[in-house]
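Let me begin by presenting the structure, written as structure tokens, before commenting on it.
The values are calculated or read from the model by the stated rules, or taken from the named source; none is laboratory data. On a predicted model such as this, the values are computed, not experimentally measured, just so you know. Neighbour counts run over all protein chains shown; Cβ positions are idealised from the backbone, glycine included. Heavy atoms of the whole protein, side chains included, go into the accessibility calculation; ligands, DNA and RNA do not. Shrake-Rupley method; radii C 1.70, N 1.55, O 1.52, S 1.80 Å.
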Amino acid sequence: MSKKMHIQLTVNGEAQEFLAEPRELLIHTLRERLNITGPHIGCETSHCGACTVTLNGKSVKSCTVFVAQADGAEITTIEGLGNPDKLHVLQEAFKEHHGLQCGFCTPGMITRASKLLEENPSPTEEEVRFGMAGNICRCTGYQNIVKSILAAAAEMSASKEAAE
Amino acid sequence: MKDDAGVTREQRVEALGGMGCKRKRVEDARFTQGKGNYVDDIKMPGMLFGDFVRSPYAHARIKSIDTSAALALDGVVAVLTADDLRPLGLHWMPTLAGDKQMVLADGKVLFQGQEVAYVVAKDRYIAADAVELIDVDYEELPVIVDPFESMKSDTVLREDLVAEDGSLPDGAHGPRKHHNHIFTWEVGEKEATSQVIDSAQVVAEETMYYHRTHPCPLETCGCVASMDKVNGKLTLYGTFQAPHAIRTVVSLISGIEEHNIRVISPDIGGGFGNKVGAYPGYVCSVVASIVTGVPVKWVEDRMENLMTTAFARDYWMKGKISATPEGKITGLWCEVTADHGGFDACADPTKFPAGFMNICTGSYDIPTAYLAVDGVYTNKAPGGVSYRCSFRVTEAVYFIERMIEVLAIEMNMDAAELRRINFIKKEQFPYQSALGWEYDSGDYHTAWDKALKAVDYEGLRTEQAQRVEDFKTGKTRKLMGVGLSFFTEIVGAGPVKNCDILGLGMFDSCEIRIHPTGSAIARLGTISQGQGHATTFAQILASEIGLPADSITIEEGDTDTAPYGLGTYGSRSTPVAGAATAMAGRKIRAKAQMIAAYLLEVHDDDVEFDVDRFVVKGAPEKFKTMKEIAFAAYNQAIPGIEPGLEAVSYYDPPNMTYPFGAYICVMDIDVDTGEVDIRRFYALDDCGTRINPMIIEGQVHGGLTEALAVALGQEIAYDDMGNVKTGTLMDFFLPTAWEVPNYETDHTVTPSPHHPIGAKGVGESPHVGGVPCFSNAVNDAFRAFGLRHTHMPHDHWRIWKTANKLGLHG
């Protein structure tokens, strides 16, 4: 067991401060230490994307990030995207278009999609498929996930136009 | 017609959200917000973590295990080995297939990754450190990874199955031919089939390997065992597709009385067959919790999941099919060599050691057939589960759908036409197959014609012929394949008279409680792993009992509250538990009818059910809604009727259901890179009555994608030393959004005549029908160049090799 480090994080807008072994993986910090269990563990090798969070503005697989590397970071998980009173447009779209089945990939999928739509607010289907290729779903065959994301993009563009 | 509230009948139907509507899923609110509750989300005070020392060798004797350094590590609570489990009789456990399996290595290991010791520590990091500190001294033994070699080898894999005098005691399925042989299972008429084939004018033969793969749900297997020593109760949370069966098994092997065991399947992150069986991790966690008196969690990582828990397939299938010169099939012969790994842990109904492989006559009227399956031990992981299929149906359908293609090549016939002239005709149902099944209903010709028309089949063949010409003249390097598949599934296991697992009849159950204010809870013996049971079972009930689906809670997975059932796999939830739900609903309705008649002051027979109420016959303005009836059941003393409104049904299905479908895939294949581009995939499914078209479509998309994976690259591969070559998601192919096409879905509806609502089940059809469809497309692309058959998985490298062997690289 190695010496513990002093770590500071901001997770979903809340400041967190604790001592942790540097080898602790960020996904375990979130799930075990902070009880943020939306992000899941599917592969431990960065392939499946179930653990996807937004870390300092980038989509990151938190299963292969040491908490030491994340010191000082700002992190958003699925829990920070919407709440029961006001769901994120993507959360609504996934429900509406049957973009999920077992739900295990869903938090990572939606978290990644939220970043994708920030980077590219009006993606083509091809761009969605490419941009989501780091997130694996075993249930849906992706067709309705892609549909959900395109619908959310349209919805977000429409409300942005309305606001302008 | 409008009733007194100005609401039309149609509006009342719509308000129920019953069968046939595209009801949105009630599960999604929690899943989209990251509030699902999966097994690894469960935290209990004082909870410890378990982790395994696993064998790096595929076959080795264990000379010693030194746990001292691990035990000396701060935070390590215990280390279990077979020696610790032996006094409890838990160092071995029974498998679902009538064999037994080591929980922890008892003197030797039989596959790479086998469980050798179980560490219990304060957190998962300490447990992982301790695993590294355990020193196991192995003596390597000869490794066998080929079932044919195994049947010839002098090396004995399972000494425990050889008597002291060297004789071979019978296995669970009869006599054994060799010390590495598990069983022979024969169905059909051997002599007659042999005669028909030997004397036939046309015979096609082919041997095909259906490679080993893995269901690989995104969530791996795991559990939390919590033994409360004060009240003697064991609570076991876990990724169980069959929670009640797990409770019974745990009771039988641990000696804890069943009423003192509560098994809970929380949300499950996909199953696909991987979570049917009982694994050493469950047993060790239970023992560890009993020993330590605190909860113990075990969750496998992905590599452990792929290497050790429940593989699928691994069938070598040798076929012969005979026909008249006109193409009418006269006989089918199928010999299977099944590689079951080190222990026979197949998940099949007891009387079916090769599952429903005897559905291999497919959708065709084949008068004579014979099937023989030999199960064989090798140094590979145990398992043999139904990966998104009903007990080896995927193997059976792949076999027949490839044999049809091979026969078409042999006869120089169009494969679509060959299918058409051999389909079982609509008027032949119920149809008795040569290998012993009674198909309930079907209209194959209608489905086939609809599918061929939808894709302009003749146009595709014209285009394909042109492509071949263009290829030959150097205008293109891409070939075009048209994949056909017409499948008949056999699901909904099953009738208790011939279907049981470990002696437990494969019925299922539903219990309904109607609350006084007109809402309800229904509990079932099944457990959803993404199928959306909370949504669809409420729809069945809404239509049956006339209360809105939104007012009905569906609960599954807690053995303390749910009625006994055999769980969710083999597409059995809708055919069996769905039937139980309808039948329990009808019991509710029968009592409601009596209450309504009392309230309306007429005879029971003078009221009839209408959507959400009972009306007086001929006087629809006189009625009592189900909501009113529910309240009356709790607040009125009705002569001759007990208070309350509850019902339970245990449904023993009279027969299996036989969903079917027609799939067509169009792909382009780059001859120089082996890459495939799926241009079009059309899927027509007939699953009988359709409960929720949105969910059906989602199931079809998902099943087809798993089929694409299996056909085009997914495999559990071993090297000669028994090393798993595909133990991570880097090597084990799971398609991403980038590789997957958009699918076109379609349907016909041929209800099951014996199911209360006519539903047949759909979750596995797309996988069963999809695998041969993708594979046939690849094979078909090369047909013009002389290819008869090439084995799956058709990854780019293998396709390139096929093209190379055919001389297409110049």
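Tell me the net charge near A:Gly131. Cut-off is 10 Å between Cβ atoms, A:Gly131 excluded, with +1 for each Lys or Arg and -1 for each Asp or Glu. It would help to have the intermediate numbers written out before the result.
Details: positive: A:Arg112, A:Lys115, A:Arg129; negative: A:Glu119, A:Glu126, A:Glu127.
My count for the surroundings of A:Gly131 gives 0.
State which helices in chain B qualify, where a helix is a whole DSSP H run, it must extend 20 Å or more along its own axis by its Cα atoms, and its mean Kyte-Doolittle hydropathy must be at least 1.0.
Those that pass (Cα extent of 20 Å or more, hydropathy at least 1.0) are B:393-411.
Can you pull a Stokes-Einstein diffusion coefficient for chain B at 20 °C (1.002 mPa s), Rh from Kirkwood over Cα pairs, as a whole number of µm²/s? Can you show the working numbers first?
Working: Rh = 28.0 Å.
Rounded to a whole number, D works out at 77 µm²/s.
Just to be sure I understand the model, the point goes 7 Å from the Cα along the line to the Cβ. What's the resulting B:Lys22 to B:Leu71 distance in nm?
If labels sit at B:Lys22 and B:Leu71, their model points lie 6.3 nm apart.
Cα-Cα over 31 Å: which of B:Lys43/B:Lys587; A:Lys58/B:Lys275; B:Lys24/B:Lys425; A:Lys58/B:Lys478; B:Lys152/B:Lys351? Let's see the in-between values first.
Working: B:Lys43/B:Lys587 40 Å; A:Lys58/B:Lys275 34 Å; B:Lys24/B:Lys425 37 Å; A:Lys58/B:Lys478 39 Å; B:Lys152/B:Lys351 27 Å.
Flagged as over cut-off: B:Lys43/B:Lys587; A:Lys58/B:Lys275; B:Lys24/B:Lys425; A:Lys58/B:Lys478.
Return the average number of partner chain Cβ atoms within 10 angstrom of each residue Cβ along peptide A:103-116. Don't jump to the answer; show the numbers that get you there.
Values: counts 19, 12, 5, 9, 6, 2, 2, 4, 1, 0, 0, 0, 0, 0.
The mean count of partner-chain Cβ atoms within 10 Å per residue comes to 4.
Got the relative contact order for chain B handy, in percent, Cα pairs under 8 Å and 6 or more residues apart?
It comes to 15 percent, rounded to a whole number.
Go through B:242-250, A:17-25 and give me the packing order, highest mean Cβ count within 10 Å leading.
Working: B:242-250: 24.1, A:17-25: 15.1.
Order by mean packing, descending: B:242-250, A:17-25.
Once each part is reduced to its C-alpha centroid, what is the distance from the stretch A:102-151 to the stretch B:414-429 in angstrom?
Centre-to-centre (Cα) distance: 41 Å.
Any lysines with Cα under 22 Å of the A:Lys160 Cα? List them, leaving off those in the same chain fewer than 8 positions away.
List returned: A:Lys86, A:Lys95, A:Lys115, A:Lys147.
Calculate the radius of gyration of the Cα atoms of the protein assembly as shown to one decimal place, then report Dmax, the largest Cα-Cα distance, as a whole number, both in Å.
So, for the protein assembly as shown, Rg and Dmax equal 28.5, 90 Å respectively.
What whole-number distance in Å separates the alpha-carbon centres of the stretch B:780-810 and the stretch B:12-69?
40 Å
Does a label point 7 Å from the Cα of B:Asn231, set along Cα-to-beta-carbon, have any residues of the stretch B:541-560 with amide nitrogen under 20 Å, and which are they?
Only B:557-560 fall inside the zone, counting backbone N under 20 Å.
For the stretch B:529-686, what does the relative contact order come out to in percent, with C-alpha contacts under 8 Å and a separation of six or more? Mind dumping the intermediate values first?
Working: 182 pairs, mean separation 27.8, N = 158.
Relative contact order comes out at 18 percent.
Just add up the charged neighbours of B:Val648: K/R +1, D/E -1, any other residue whose Cβ is under 15 Å from the Cβ of B:Val648. Before the final figure, lay out the partial values.
Numbers: positive: B:Arg513, B:Arg523, B:Arg586, B:Lys587, B:Arg589, B:Lys591; negative: B:Asp508, B:Glu511, B:Glu544, B:Glu555, B:Glu556, B:Glu642, B:Glu646, B:Asp652.
Neighbour charge sum, excluding B:Val648 itself: -2.
Sorted by average packing, counted as other Cβ atoms within 10 angstrom per residue and highest first, what order do A:80-93, B:328-341, B:633-646 take?
On the way: A:80-93: 18.0, B:328-341: 23.5, B:633-646: 12.7.
My ranking of the peptides, most packed first, is B:328-341, A:80-93, B:633-646.
May I ask you to derive the relative contact order of the stretch A:89-159, considering only C-alpha pairs under 8 Å and at least 6 residues apart, and to give it as an integer percent? The partial results should precede the final answer.
Working: 75 pairs, mean separation 36.5, N = 71.
About 51 percent, as a whole number.
Just the accessible area for B:Lys472, please: 1.4 Å probe, Å², rounded to the nearest 10?
For B:Lys472, solvent-accessible area is about 130 Å².
So how far apart, in nm, are the two label points at B:Asp123 and B:Lys328 if each is 7 Å from Cα heading toward Cβ?
Spacing of the two 7 Å Cα→Cβ label points: 7.4 nm.
Could you please state, rounded to a whole Å, how far the C-alpha centre of the stretch B:455-534 is from the C-alpha centre of the stretch B:694-740?
Each part reduced to its Cα centre gives a spacing of 16 Å.
Lys and Arg at +1, Asp and Glu at -1: add these up for the other residues within a Cβ distance under 12 Å of B:Val202 and post the number.
Spelling it out: positives minus negatives among the neighbours equals -1.
With +1 assigned to the C-beta of every Lys and Arg and -1 to the C-beta of every Asp and Glu, and no other charges, what is the dipole magnitude of the stretch A:5-80 about the Cα centre in debye, to the nearest 20? Don't skip to the answer; put the middle values down first.
On the way: 5 positive and 9 negative charges, 47 e Å.
The calculation lands at about 220 debye.
Determine the principal axes of the Cα atoms in the stretch B:10-55, then give the extent along each, sorted from largest to smallest and rounded to whole angstroms.
62, 29, 15
Run through the stretch B:386-462 and list the trypsin sites (Lys or Arg not before Pro) located in a DSSP loop whose Cβ has at most 16 other Cβ atoms within 10 Å.
B:Lys425
Report the extension gain between B:Glu463 and B:Lys318 in nm, rounded to one decimal, defined as 0.36 nm multiplied by the number of residues separating them, less their alpha carbon distance. Don't skip to the answer; put the middle values down first.
Values: separation 145, 0.36 × 145 = 52.20 nm, distance 3.32 nm.
This chain segment gains 48.9 nm when fully extended.
Which whole number gives the average, over all residues in B:734-745, of C-beta atoms from other chains lying within 10 Å of the residue C-beta?
Values: counts 7, 6, 12, 19, 8, 3, 8, 3, 7, 2, 0, 1.
Other-chain Cβ atoms within 10 Å of each residue's Cβ, averaged: 6.
Give me the inter-chain shielding for B:215-227: mean count of other chain Cβ atoms within 10 Å, whole number please. The partial results should precede the final answer.
Numbers: counts 1, 5, 5, 17, 9, 4, 0, 0, 0, 0, 0, 0, 0.
Partner-chain Cβ atoms within 10 Å, mean over residues of B:215-227: 3.
Along the Cα→Cβ direction, 7 angstrom out, place labels at A:Arg23 and B:Ala637. What is the inter-label distance in nm?
7.4 nm
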